[in-house]
C-alpha cells in the first residue's frame, strides 16, 4: 500500500511540475497530462508499476465525465439537433470508415484489418471533446450540441460493433441472436430508467437534498449502480454513466449535483490522460511511424472535411460543419476497446494495437489545439470553402436593405426577444445560419435572413453600420470582435449590444465600442426584453446602463 501511495505521489507531483511549465508556455493542459504519462511510463521513469490501479482511476474519470454530460442534457434544446445529429453521425461513421478502409488497403493491410482500422478511425473521443468544450464553455453552443449528438450516435454504433465482434469470436453463437438479445436488453433498460426517473428518483433526490452530503453520496451511488448494471449486461460503463446522468437531469437538483461531482471528475480525468501517455513508448513510435502519421493526417484533416460535406448537404453553413468537424478530429477511447476485442476474438493481429494508440495520442494532442483555436482557424481559412456556397442564403431572397434593428442569433435569448422587438414597431431582421432556426422563423413569419454574421462580406452587403440597433446574442468573443470592428471601421452610429460568457470579457467589449454587454448568467433574454421595452432604441439610455456595468468590469490586461 505504501508503494502504491508513493507511485501516485510521484505521478501527481510530476504532473504538477509539467503542467506549470505547459501553462507558462500557454499550451493546453491536456498536452501536459499526456506528456506526463510518457515521462512516468515504463519507457522512461517507470513510476506506474501498478497499472491496474491507474487504469481503474481513468475508468472512474470517464464515468464521472459522462455522468455530468447526462446531467446537463436538455432535451428541449436537443430537439433542434436530434435528427441532424443522427443522420450526420451515421453518415460520418459510414464515409470515414470507407475512406479509412481504402487508406489501410493502400498501406498493405488485409481487408478485415483495414475494415476494423477504418471503423476505429471513424470514432471520436467523447472524453476529450466534452472536456475541451466544457473548458471553453461551448457545450451549449449550436456546434457543441451537434458534436455531442454525433458522439452519442458514434457510441451507440460502437457498442453494436463490439457486440458483433464478440459474436464473431464466440463459438456457436449466431450473430443475429446476439444482436436481437442486445436490442431487447436495451429496450428493457430504457423502460426501467424512464420509469425510475419519472416516479422514483425525483422523490429520492428531493429527500436526499435535505443534506448536501447525502445528496452527493446518493448521486455517486446512482452513477456507480447504473454504470455497473449496464456493464454487467454488456453495454459498458460509459453508456451506463451517461444514462445515469440523463435520468437525474429532470430532478431539479442537477446543477447542485454537477457542481459537487466536477472536482472528482477533473482529478480522475487527469489520471486518464496520464495513463494514455504511458501507453506511448519509443518502440511503438519506431514500429509504425509512417502509418501512424498517414492515419493521423486523415483523422485530423480528412474526417473534418467529410463532416463539412455532410453538413453542407443538409443545408448548413460551412462554418457550422467546420467547427463540428474540427471538434471530432481525434480517435476515440472506444477504438482501443474495439481493436482489443478484435484481437481477443482472433480477427486481427495484436501488433495493430500500438498503431491505434499512437494515432490516438497524435490526434488528441493536435485536436486539442484545433478545438482551442477553431474560430481563429476558420477566420484564416474560411475562404477555402467559398466554392460550397452559403447554404440556404442562395435559395432565399437576399436582404439588401438595412433594417432599423439587426438581431444576430435566434435560438435561446434571441427567441425570447422577438415579441418585444415586434411591439417596438421598428423594422427588424433576425440573422442565423442554422437551417432549423430559419425554418422555425419562416413558419412564424419572423423577418429573417440566412447568413454567417462573422462574415465581413455579409455585414457589408447588409450595410450593418447603417442600422440603428444591433443585438448579438451569440456569446462568441471573436465573432463579436469582428462585428464591433466592422461597425467602428465604418464609423457606424448604431447601439451595439453583444453577449459574452465570462465577466472578464466585458471590459474588452467596451474597449472595442460595445454600448452594452449581456452576460447570460446575470441577464437572460426575458430580463433584457424588459430593459428594451423601457429604453427602446435610445443610445444615450443604453450608454448610461453600460457605464454602470463598466465600473464593475474586470479590466483587460
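Where in the range 134-158 does the amide nitrogen come within less than 12 Å of the point 7 Å from the Cα of residue 184, taken along Cα to Cβ?
none
Contour minus end-to-end for residue 456 and residue 229, with contour as 0.36 nm per residue of separation and end-to-end as the Cα-Cα distance?
Between residue 456 and residue 229, full extension yields 76.4 nm more.
Hey, could you pull the Cα Rg and Dmax for the chain, both in Å?
25.1, 80
Once label points are set 7 Å from the Cα along Cα→Cβ at both residue 24 and residue 416, what is their separation, rounded to one decimal in nm?
Here the modelled spin labels are 4.4 nm apart.
How large is the helix-only mean residue ellipticity at 222 nm for the chain, computed as the sum of -39500 (n - 2.57) over DSSP H runs with n ≥ 4, divided by its residue count, in deg cm²/dmol to the nearest 500?
After summing the helix terms and dividing by the residues of the chain, the value is -21500 deg cm²/dmol.
Work out, step by step, the length gained on full extension between residue 13 and residue 384: first 0.36 nm times the residue separation, then minus their alpha carbon distance; give nm to one decimal.
Working it through step by step, the gained length comes to 129.1 nm.
What length, rounded to one decimal in nm, is gained on full extension from residue 345 through to residue 536, with 0.36 nm per residue of separation minus their alpha-carbon distance?
Using 0.36 nm per residue and subtracting the Cα-Cα distance, I get 61.9 nm.
So if R0 is 60 Å, what FRET efficiency would residue 287 and residue 490 give, r being the distance between their Cβ atoms, rounded to the nearest 0.05?
0.55
Along Cα→Cβ, 7 Å out, is where each label goes; now give me the distance between the ones at residue 442 and residue 502 in nm to one decimal.
Roughly 3.9 nm, to one decimal.
No lab work stands behind these numbers, since they all come straight from the coordinates. Since the structure is predicted, the reported quantities are computational estimates derived from the model, not experimental observations. Counting neighbours? That spans all protein chains shown, and the Cβs are built from the backbone with ideal geometry, glycine included.
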